[in-house]
Amino acid sequence: MKLAKAYDPNQYEPNIYAMWEEGGAFEPTGVGEPFSIVMPPPNANGNLHMGHALTVNLEDIMARYYRMRGRDVIYIPGADHAGFETWVVYDKILEGQGRNRFDFTREQLYSQVWNFVEQQRGNMELQLRALGVSASWKHLVFTLDKKVIDTVYKTFKKLWDEGLIYRGERIVNYSTKYQTSYADIEVDHKLEKGTLWNIAYPTYDKIGEIIIATTRPETLFGDTAVAVHPDDERYKDLIGTRVLLPLTGREIPIIADEFVDPTFGTGAVKVTPAHDPNDFEMSQRHNLEKIQVIDFDGKMINVPSQFAGLTVDVARKRTLAALEAEELLRGETTIEHSVGYDYKSGLPIQPLIKDQWFLKISTLAKRAKEAIEKNEITFTPESRKRILVQYLDNLRDWNLSRQIPWGIPIPAFQNVDDSNDWIFDERVDEKTISVNGKKYQREEDTLDTWFSSGQWPFITTDAMTNGPLSRFYPNSVMETGVDILDRWVARMIMLGLYNTGKVPFKHVYLHGLILDEKGQKMSKSKGNVVNPMETIAKYGSDALRLGVIANRSAGQNQAFGIDKVMAGRNFCNKLWNIARFAEDRLGSGYRNVIAKPMTIADHWIIRELNNSISDIEKKIESYRFAEASDTIYHTIWDSVADWYIEASKLQDNPTMLAWVMDTILKLAHPFAPFVTETIWQTIPANNKLLISSKWPVKATYDEIAAAEFGRLIKLVDEARYVIADLPGNVRYDLLYQNDSLIADNRLLIQRLAKLKSVQMVDQARGLRLAASGREAWLDISTKTLDEHQTKLEARLKDINALIKSFEARLANDTYVKKAPAELVEETRTQLEQKKAHAERLVNELKILK
RNA sequence: GGGCGCUUAGCUCAGUUGGCUAGAGCGCCUGCUUUACACGCAGGAGGUCGGGGGUUCGAGCCCCUCAGCGCCCACCA
């Protein structure tokens, strides 16, 4: 097969992928030490974005690398029903149809969304294939698969039986837009300026008054007390008395509670148990009534008729106006406070009282913390470990209930005759069940998605049932975004330890966000999203992979630059052209890939590639992917293409060229899987797939020969550098005396340095190549030499500066004594070399004078 | 109120336990129809590593401090 001049990725990628998949290359071999990565499941219903591209590319690099290293690798793909996220999308569709969720039953909605997701699914999986993931499709898990639900229910039951799950009336973060409660973490807190109003509450005898301070006057209808600090002298006499709640005339008590900060506002605070978490807690302590005045749709209830049905904003204005009319406003101040917003709709979150299912978190969190502190799980970057521990320390009980139909139903039923009698039962498809002659009604809420995705590592590997994949639990690495460290990683650790007694994974690698070119977060609303599929169509999948991982360090947010992708595309083309060169030289019959070095270039390239092999191993294994990729790029481009290939044009050694090809294709494969496999397939001797072949091993070489070629490079470099400075575009003769390196490689040096000739002379003349220190001169005229004089002087100045700094270092006794002997020795050698170089330059300049 | 991160070439960023004569990609400048590649070849310019102080033989890296930018967590009305 004759390779085209330029690599066209789109022509090959789909076929290559199909070849891998059909060849079973993604399946674990069952041989070797297990290595496992579970993909954070992308939303089944959406398109992939750049963040996904980064995630799966990093994961796939590890999967391919360890597979080639002989490990028993599984990379398990997934698809997420993305409960609330998907629900928001579907809710919009309903809205567009002029309907809402209350027009349907839970079953109807569930099956509608199921169908909707069904239509979209597959799309995401095709996109993952385009990204080149070597994932085991056979083992793909969808977050609503039966085995997921079964395991989740088992976990729920276990927690229930052990008393860790309870139902309680609590203040929850409520989205009035989507009519569901949120976890604490789903609330966006924004620091903003607000008004603190002082409002007078008349004493019961209407003679005095107590002034409270509040940012939410509209909730006063739900007040059931006024609280002051027990030690506050100002209010001491009022404690235990009653005040009249403005606009209603209802009598409420003045209570004393340590919670109140006497220095804030007026030192007196209204207590609204149904709409404020602190007030709720006070109400528990003081046995206060809870009156809900904001309904789940965000409108006022249980208030005087002129306020009923108003939205919160309008109610606030009217309440203030009414208070004003009654002359109860006592001024206002501006304060900065944090307000919770719905992370989806951007509307304020209403703290509301609701019966919800909670998971007691403290024992789970404590265990997770211990495992992390004992380094049973390690982190890249390491600094995130502390953040996670801190998070676990402050975690409160987890609200598991969501009032959305798209999710896993909570398997709980309530006795219709005894509201306190709840039982666990998995028959969630039935509205009512009867147990022991009693009738039970099902819970209509669903579980928070993170409750099920928090169990992902042991669900996907069937660790609970000891299935064939259970050897892959704990997972080797969990790779995901820093942004879901607490909401996902923390929960996987807690639930993993709880359920299996083992950590769910041994290492956590966290990548940063991909920002747009200006450093802004990519988002649909800003319209700055770069679609990875478009990038692939334009530059190829490998180019995207190389571009997206380039120059990126763990945990660090970084802008996406198309120039890196273009560099990746160019690299693939370089690789392609190296292959074309090899094809020319080797024809189609070579199969011997045992390195048999003959020339000094051969020895040198073995040394270079040997170094790269260990370097890349070290970097991948320590999660420094960008550095590993950079090493491959420069090894192949600089060492192989620019030096070795150029050298082998004159001194060819087919077995070596074959070995070099073999080695670089393997080294580059995890980072550019498509182009390397494409090339591999053009080599007839390779009847196997590259993806399934073994990682390259080092070859033996002669150090002296390798060093010789190193010196040749130095000479050529200097010749090129000097010639580039000389005027015009002239080819010069290189003269030498008594120099076997030059004598043995005359033609090679001539070609590489673009010289007219390389000749041995008795009498030297022209310009000595002073830096490389060889007995070599460029044969240039005195006139040209003269013109070159200032350049020489500038170089001499630089070298003298270096000499001075080396000398100063060596003159320093403590340096010589304290620095490692090796380093001191190196400094001495460098000094000698620079001195010799300077001396040669001085001689050149003398000749000119 | 706590916590974290960033500040290195014109731009986007690397830089592992301190050894640096500070790197990459892109951009820029000068040459090149060299028979694998212009998605290329050869050469080059460009940095007081945010400011100040300290530790050390030696600091981009460690410590203190100041400034600017960004992020996360937190139930103070």
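For this structure, a couple of remarks:
- Residues of the stretch A:538-551 satisfying the condition of being within 9 Å of RNA strand B (Cβ to nearest atom), of a type outside the set (Gly, Ala, Ser) and buried (at least 21 other Cβ atoms within 10 Å of the Cβ): A:539
- Out of A:224, A:215, A:219, A:195, sole residue that is surrounded by fewer than 17 Cβ atoms within 10 Å (Cβ to Cβ), at pLDDT 90 or above and within 15 Å of RNA strand B (Cβ to nearest atom): A:215
- Exclusive hit being in contact (Cβ under 8 Å) with a residue 12 or more places away in the chain and touching a Phe, Trp or Tyr at 6+ places or on another chain (Cβ under 7 Å), set A:489, A:477: A:477
- Yes/no for residue A:773 being touching a strand residue (DSSP E or B) at 6+ places or on another chain (Cβ under 7 Å), under 29 Å from residue A:642 (Cα atoms) and away from RNA strand B (no atom under 11 Å from the Cβ): no
- Of the helices (runs of 4 or more DSSP H) lying entirely inside the stretch A:39-127, those containing at least 2 residues that are modelled with pLDDT of 95 or more and open to solvent by less than 20 Å² (accessible area, probe 1.4 Å) are A:50-68.
Residue-wise test of (1) more than 8 Å from RNA strand B (Cβ to nearest atom); (2) among the basic types (Lys, Arg); (3) not in a helix (DSSP H, G or I).
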site	(1), (2), (3)
A:553	no, no, yes
A:565	yes, no, no
A:569	no, yes, no
A:575	yes, no, no
A:593	yes, no, yes
A:605	yes, no, no
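- Residue satisfying all of: in the stretch A:170-179; in a strand (DSSP E or B) and touching a Ser or Thr at 6+ places or on another chain (Cβ under 9 Å); farthest from RNA strand B (Cβ to nearest atom) among these: A:175
- Residue match in the stretch A:597-608 (condition: among the hydroxyl-bearing types (Ser, Thr, Tyr) and either closer than 28 Å to residue A:545 by Cβ or in contact with a Pro (Cβ under 9 Å, 6 or more places away or on another chain) (or both)): no
- Of the criteria (1) among the β-branched types (Val, Ile, Thr); (2) under 21 Å from residue A:171 (Cα atoms); (3) within 12 Å of RNA strand B (Cβ to nearest atom), which one residue A:263 fails: (2)
- Residue A:716 vs. criteria part of a helix (DSSP H, G or I), in contact with a helix residue (DSSP H, G or I) (Cβ under 6 Å, 6 or more places away or on another chain) and not acidic (Asp, Glu): yes
- Elements of the type strands (runs of 3 or more DSSP E) sitting completely within the stretch A:337-426 and holding at least 1 residues that are within 12 Å of RNA strand B (Cβ to nearest atom), open to solvent by less than 70 Å² (accessible area, probe 1.4 Å) and touching an Asp or Glu at 6+ places or on another chain (Cβ under 8 Å): these cover A:350-359.
- Counting only residues that are within 30 Å of residue A:9 (Cβ to Cβ) and not small (Gly, Ala, Ser), the stretch A:678-711 holds 17 of them.
- The set of residues from the stretch A:611-654 being open to solvent by 70 Å² or more (accessible area, probe 1.4 Å), more than 28 Å from the chain's Cα centre (by Cα) and without any contact (Cβ under 8 Å) to a residue 40 or more places away in the chain comprises just one member, A:611.
- Subset tally (residues that are of a type in the set (Asp, Glu), within 13 Å of RNA strand B (Cβ to nearest atom) and surrounded by 13 or more Cβ atoms within 10 Å (Cβ to Cβ)) for the stretch A:717-738: 2
- Condition check for residue A:811: within 12 Å of RNA strand B (Cβ to nearest atom) and crowded, with 18+ Cβ neighbours inside 10 Å: no
- Index of the failed condition, residue A:787 passing every other in (1) within 18 Å of residue A:834 (Cβ to Cβ); (2) open to solvent by 70 Å² or more (accessible area, probe 1.4 Å): (1)
- Close pairs (9 angstrom Cβ cut-off, 6 or more residues apart or separate chains): over 20 Å from residue A:480 (Cα atoms) and at pLDDT below 80 in the stretch A:512-530, among the aromatic types (Phe, Trp, Tyr) and within 8 Å of RNA strand B (Cβ to nearest atom) anywhere: A:517/A:560
- Residue ID - farthest from the chain's Cα centre (by Cα), chosen from residues in the stretch A:257-284 that are at pLDDT 90 or above and open to solvent by 30 Å² or more (accessible area, probe 1.4 Å): A:269
- Top-ranked residue of the stretch A:824-849 - restricted to ones that are aliphatic (A, V, I, L, M) and at pLDDT 90 or above, ranked as most open to solvent (accessible area, probe 1.4 Å): A:836
- Residue tally, condition closer than 17 Å to residue A:721 by Cα and of a type in the set (Asp, Glu), over the stretch A:753-774: 0
The values are calculated or read from the model by the stated rules, or taken from the named source; none is laboratory data. Since the model is a prediction, treat every value here as computed from it, not as a measurement. Note: ideal-geometry Cβ built from the backbone for every residue, glycine included; neighbour counts use all protein chains shown. To get the accessible areas, we keep the full protein, side chains included, count just its heavy atoms, and leave off ligands, DNA and RNA. Shrake-Rupley method; radii C 1.70, N 1.55, O 1.52, S 1.80 Å.
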